[in-house]
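Nothing in this text is a laboratory measurement; each read-out follows from the coordinates by a stated rule. The shown structure was predicted, so the numbers you read here are calculated from the model rather than taken from an experiment. Positions of Cβ are generated from backbone atoms using ideal geometry, with glycine treated the same way; all protein chains shown enter the neighbour counts.
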Amino acid sequence: MLLAERIRKVRIAYNLTQADVAEKSKITPSAYGQIERKAGNSTFYTLEKIAKAIGVSTSFLAVAVAILSLFLLGRRQEFVHYFRQVLEGREVTKGFNFFIN
């Protein structure tokens, strides 16, 4: 699941509108909409504000990006391991040290 999709699914699960999250994040509704549509680039600071607005950790949102990065870096075994956890519905918030090695 990509970051934008994860943000959208969490927002919907909490019955929040894009306008609700934009207001709580102190960003424009247009900018927030672009983030959900994968059209806009966002800073880590913006992602922190969105995570706080929808009541989740930034690491929860970043997992999808981290897993995709493993694939792009050619780290197949680690990618498969974490991707399977996601497919099985397990939350993957540990193991961010794979960027260090």
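Worth pointing out:
- Within the stretch 5-17, if we keep just the residues that are within 16 Å of Val56 (Cβ to Cβ) and without any contact (Cβ under 8 Å) to a residue 24 or more places away in the chain, the residue that is surrounded by the fewest Cβ atoms within 10 Å (Cβ to Cβ) turns out to be Asn15.
- Here the stretch 48-78 is the region considered, the condition is being within 21 Å of Lys9 (Cβ to Cβ) and free of Cβ contacts under 8 Å to residues at least 24 places away in the same chain, and the residue that is surrounded by the most Cβ atoms within 10 Å (Cβ to Cβ) is Ala51.
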